[in-house]
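Notes follow once the structure below has been shown.
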Amino acid sequence: MSFWVIFRLLGSLALLMFGMKSMSEALQKMAGPQLRHVLATMTSNRFTSMIAGIIVTATVQSSTATALMTVSFVNAGLLTLLQAVAVIMGAHIGTTITAWMMSLGFAFNMAVVIYPAFFLGIVLIYMKSRRTMGDFLFGLAFLFLGLSTLTSTGFGLMEDKVAHAALIQSFEGLNETHFWNSLFFLLIGITLTLCAQSSAAIMAMTMTLCATGVLHIEPGIMLVLGQNVGTTITANIAAATANVQARRAAFAHFVVNAVGVTWALILLRPFFGLVCQLVDYDPQMSYTDPGFALHTAVVLAAFHTSFNVANTLLLIGFAQYIERFVCWVVQPKSVDEEEEFRLHFIQSGIMKTPELSVLEAQKEIRSFSNRMQRMFGMVRELLTEKNEQQFAQQYARIEKYEGISDNMEIEIAKYLDQVSDAHLSDDTKAKIRAMLREISELESIGDSCYHIARTINRKVQGKQDHFNEKQYEHIHQMMELTDQALSQMNALMGGRKEAYDVNRSFNIEHEINNYRNQLKSQNINDINNHAYTYAVGTIYMDIINECEKLGDYVVNVVEARMGHDKKMYDKGKFF
């Protein structure tokens with residue numbers, strides 16, 4: 001019988017976790033762009049950054065989602081590490097609202113909410129235009145259903161003590177108040193949160209066990225402190241393969257809560273006593289007393305909130321020292337990451353949502369775009385390199401970058417394919433289609449750079465005659481125009497498309513086309529006039545033509561990003 005109770009507990013926790021995840025994802029779909037705007041604009045100082053963290057986390061009901069969003073902003077250079085530390089502190093306060101939501105489950109019959117929410121949710125889902133709201137109501141219903149099942153299981157456990165004597169006796173042995181027992185529950189809280197990857201689920205379990213009298217309030221408090229540390233470890237695991245800024249932000253998340261738990265352990269009795277006075281709770285209450293369940297749930301939620309608020313107010317003034325500490329601990333790798341294939345922004349995070357996944361993919365595509373311009377810069381250097389050894393090294397670097405571009409296209413496309421398996425809004429689907437086109441065209445830019453490098457290498461290895469002064473001048477001019485096109489493309493990829501004038505890119509492309517046509521005609525005349533050999537003229541035009549192709553790929557990226565068609569430009573629609 002006890003095994004059946006354990007499975008009911010685990011099953012109800014699974015329901016609760018699924019509900020939290022669904023609800024958080026739906027909220028982020030509805031408010032994601034606005035929340036990113038909040039993070040981008042409300043971070044002028046550490047206090048407004050903290051408030052932004054509270055708002056975002058309270059809205060999406062997930063401190064993990066806020067942490068991942070914050071890391072993305074740090075990587076993109078929109079937030080400093082100092083601002084990120086303050087946002088994370090605010091997230092710790094915002095996430096406490098979840099505990100208060102759960103305490104409501106002990107105040108009234110949750111069936112009043114659960115079944116109407118299920119019914120209304122399925123109606124909205126089939127309406128399609130209101131699908132996200134339906135997903136939110138389904139998540140909320142599953143959350144309360146899991147909590148209701150968890151609560152009824154706990155009460156059933158205490159009501160039938162004979163049938164569950166062994167299980168209750170094992171808990172009674174753990175309810176003794178002493179140092180090692182407290183440490184044990186602290187570690188259990190850390191471990192369970194790490195395994196479940198959801199502090200909300202562990203908070204719900206703690207509330208249920210304490211509110212039904214299975215577990216005393218003192219061990220419950222230690223579980224609450226443990227889950228505060230455990231939720232930061234999951235973030236550090238997720239950031240283990242990320243770049244240095246992501247690892248620093250995740251480690252700052254851990255440091256803030258670790259410091260908080262340390263002072264809370266030292267001042268636990270007076271601090272908990274103060275919380276009990278604030279909510280009028282008597283620690284000596286018995287589970288048979290009227291209102292015991294609600295009072296216990298409320299005091300746990302109050303302790304969770306009081307701890308996070310006190311910790312944030314205590315440490316917000318030391319944010320710059322926390323920043324220095326995490327920078328000292330988490331050092332950048334000595335290897336030049338740009339010379340190795342690795343994705344910088346796409347990470348295997350926890351509780352990932354399509355909104356955040358698309359944001360990560362956009363950052364990765366921006367990095368891809370910058371890499372392609374650096375690759376073109378290497379090709380320009382290769383053209384004028386006279387030293388044979390340095391020429392060979394530069395050519396090998398270009399070959400390596402061509403392999404990197406192939407791998408980046410495959411990995412980003414694979415990631416976007418995984419994201420597209422989720423329930424997406426029409427706007428997000430359109431973004432993913434555009435991004436798939438962007439990475440295909442960026443990979444083509446890498447191919448063009450490599451083709452130019454191979455043409456130059458073929459000329460050097462074949463001991464062909466050097467280009468004359470005018471040919472070098474024309475090639476440099478064409479490459480300068482191509483580099484301007486790449487710069488405009490990266491300006492668009494790194495900024496807001498609403499502020500970008502697409503005519504800039506199209507004008508450069510027209511200039512490249514006209515210049516290529518002019519050089520093509522001139523090349524035929526120069527060969528006929530014996531200014532250089534036909535073989536040299538062929539290699540010369542191969543480079544010019546490949547630059548023109550590269551310019552076309554650049555325009556294709558711009559079109560995909562802007563959602564425009566170049567035919568509209570040709571018809572004068574953008575003037």
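The values are calculated or read from the model by the stated rules, or taken from the named source; none is laboratory data. Just so we're clear, the structure is a prediction, and the values are computed from it rather than from any experiment. Note that we place each Cβ from the backbone using ideal geometry, even for glycine, and neighbour counts take in every protein chain shown. Protein only, heavy atoms only, side chains kept; ligands, DNA and RNA dropped before computing areas. Shrake-Rupley method; radii C 1.70, N 1.55, O 1.52, S 1.80 Å.
Some observations on this one:
- Selection within region 453-484 - touching a Leu at 6+ places or on another chain (Cβ under 8 Å) and either open to solvent by less than 20 Å² (accessible area, probe 1.4 Å) or of a type in the set (D, E, K, R) (or both): Ala453, Ile456, Ile475, Met478, Met479, Thr482
Okay, residues lined up against (1) open to solvent by 70 Å² or more (accessible area, probe 1.4 Å); (2) farther than 20 Å from Gln477 by Cα:
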residue	(1), (2)
Arg496	yes, yes
Arg504	yes, no
Arg516	no, no
Ile524	yes, no
Ile527	no, yes
His530	yes, yes
Ala535	no, yes
Ile539	no, no
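- Within region 102-117, residues that are without any contact (Cβ under 8 Å) to a residue 60 or more places away in the chain sit with their Cβ atoms under 6 Å from residues that are assigned to a helix (DSSP H, G or I) and aromatic (Phe, Trp, Tyr), at 6+ positions apart or across chains, in these pairs: Met110/Phe144; Val113/Phe144; Ile114/Phe144.
- The residue pairs whose first member lies in region 239-263 and is modelled with pLDDT of 80 or more, whose second member is charged (D, E, K, R), and whose beta carbons are closer than 8 Å, counting only pairs six or more residues apart or on different chains, are Ala252/Glu323.
- Scanning region 198-212 for residues that are farther than 30 Å from Phe251 by Cβ and open to solvent by less than 10 Å² (accessible area, probe 1.4 Å) yields Thr208, Cys210, Ala211, Thr212.
- Condition check for Leu315: in contact (Cβ under 8 Å) with a residue 24 or more places away in the chain and either open to solvent by less than 40 Å² (accessible area, probe 1.4 Å) or closer than 27 Å to Val85 by Cα (or both): yes
- Residues located in region 166-191, provided they are modelled with pLDDT under 80, open to solvent by 50 Å² or more (accessible area, probe 1.4 Å) and assigned to a helix (DSSP H, G or I): Ala166, Gln169, Ser170, Glu172, Leu174, Phe179, Trp180
- Checked against the criterion of being surrounded by fewer than 16 Cβ atoms within 10 Å (Cβ to Cβ), of a type in the set (D, E, K, R) and more than 24 Å from the chain's Cα centre (by Cα), region 424-432 contains not a single residue that satisfies it.
- Taking the criterion of being among the hydrophobic types (A, V, I, L, M, F, W, C), in contact with a Ser or Thr (Cβ under 7 Å, 6 or more places away or on another chain) and open to solvent by less than 10 Å² (accessible area, probe 1.4 Å), the only residue of region 135-154 that qualifies is Leu150.
- The residue of region 493-510 that is farthest from Ala560 (Cα to Cα), among those that are part of a loop (DSSP other than H, G, I, E, B) and touching a residue at least 24 places away in the same chain (Cβ under 8 Å), is Tyr500.
- If you go through region 107-134 and keep only what is in a helix (DSSP H, G or I), open to solvent by 30 Å² or more (accessible area, probe 1.4 Å) and of a type outside the set (Val, Ile, Thr), you end up with Ala111, Tyr115, Pro116, Phe118, Phe119, Leu120, Tyr126, Met127, Arg131, Met133.
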